[in-house]
Amino acid sequence: MLTTPTIDQLPDLRKGLRKRKVPIIRLGMRGSFDSLGSFSVSKATDAFLIEWQIKNCTSKSSNFKDLCTDPRLELNRLELGWLIAAMFDFEAQRIIDSIGHPIEGFNAASQPRKAAEDWRHWAKVKAGHMYGL
């Protein structure tokens, strides 16, 4: 089950966060874990449309640029970013477990671990804090 921070926890989580580029997003990007939920990226007229559903919750969708810049979508950004980060964390752990050697596994899982950190950072920051759109 996915546990996201609450709106009350965000100010503490935001302390010391620096500006970064938005996380990598691509047309056709998708993920699904039975214990977490799912998401998919499609193309809207001039932007990416992201649809997601946390397990046992209603599905949601939003324009990626709006999620990055609209303060009213802060909770949606938090939820989506946490979901995608959790999926990358699961993938990183799967890679580590499949290799067997702790150092080699950790090194092999560096890309999904970095992606998880990027999405978690995006989820926490205020609207407009990221650049590179």
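The values are calculated or read from the model by the stated rules, or taken from the named source; none is laboratory data. Given the structure is predicted, the values throughout are model-derived calculations rather than measurements. Cβ placement follows ideal geometry from the backbone for every residue including glycine, while neighbour counts extend to all protein chains displayed. In case anyone asks, the SASA skips ligands and DNA or RNA and just uses the protein heavy atoms, side chains included. Shrake-Rupley method; radii C 1.70, N 1.55, O 1.52, S 1.80 Å.
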**Asked** Inside the range 80-117, can you point out the residues that are closer than 20 Å to residue 18 by Cα and of a type in the set (Asp, Glu)?
**Response** 117
**Asked** Which of the residues that make up the range 109-128 are part of a helix (DSSP H, G or I), at pLDDT below 95 and among the small types (Gly, Ala, Ser)?
**Response** 123
**Item:** Residue tally, condition without any contact (Cβ under 8 Å) to a residue 60 or more places away in the chain and open to solvent by less than 60 Å² (accessible area, probe 1.4 Å), over the range 111-122
**Value:** 3
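Any residue at all in the range 103-110 that is open to solvent by less than 40 Å² (accessible area, probe 1.4 Å) and of a type outside the set (Gly, Ala, Ser)? Give the steps one after another, and end with the answer.
Our first condition is that a residue be open to solvent by less than 40 Å² (accessible area, probe 1.4 Å); within the range 103-110, this holds for 105, 109.
Applying the additional criterion that residues be of a type outside the set (Gly, Ala, Ser) yields none.
No, that holds for no residue.
Can you tell me which residue is surrounded by the most Cβ atoms within 10 Å (Cβ to Cβ) among those in the range 1-59 that are of a type in the set (Gly, Ala, Ser) and assigned to a loop (DSSP other than H, G, I, E, B)? Working first, answer last.
Filtering the range 1-59 for residues of a type in the set (Gly, Ala, Ser) gives 16, 28, 31-32, 35, 37-38, 40, 42, 44, 47, 59.
Still in the running and assigned to a loop (DSSP other than H, G, I, E, B): 16, 28, 35, 44, 47, 59.
Values: 16: 5, 28: 8, 35: 9, 44: 13, 47: 15, 59: 11.
Among residues in the range 1-59 that are of a type in the set (Gly, Ala, Ser) and assigned to a loop (DSSP other than H, G, I, E, B), the one surrounded by the most Cβ atoms within 10 Å (Cβ to Cβ) is 47.
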**Complete:** Of 19, 55, 65, 15, the only residue that is of a type in the set (Lys, Arg) and under 12 Å from residue 83 (Cβ atoms) is 55
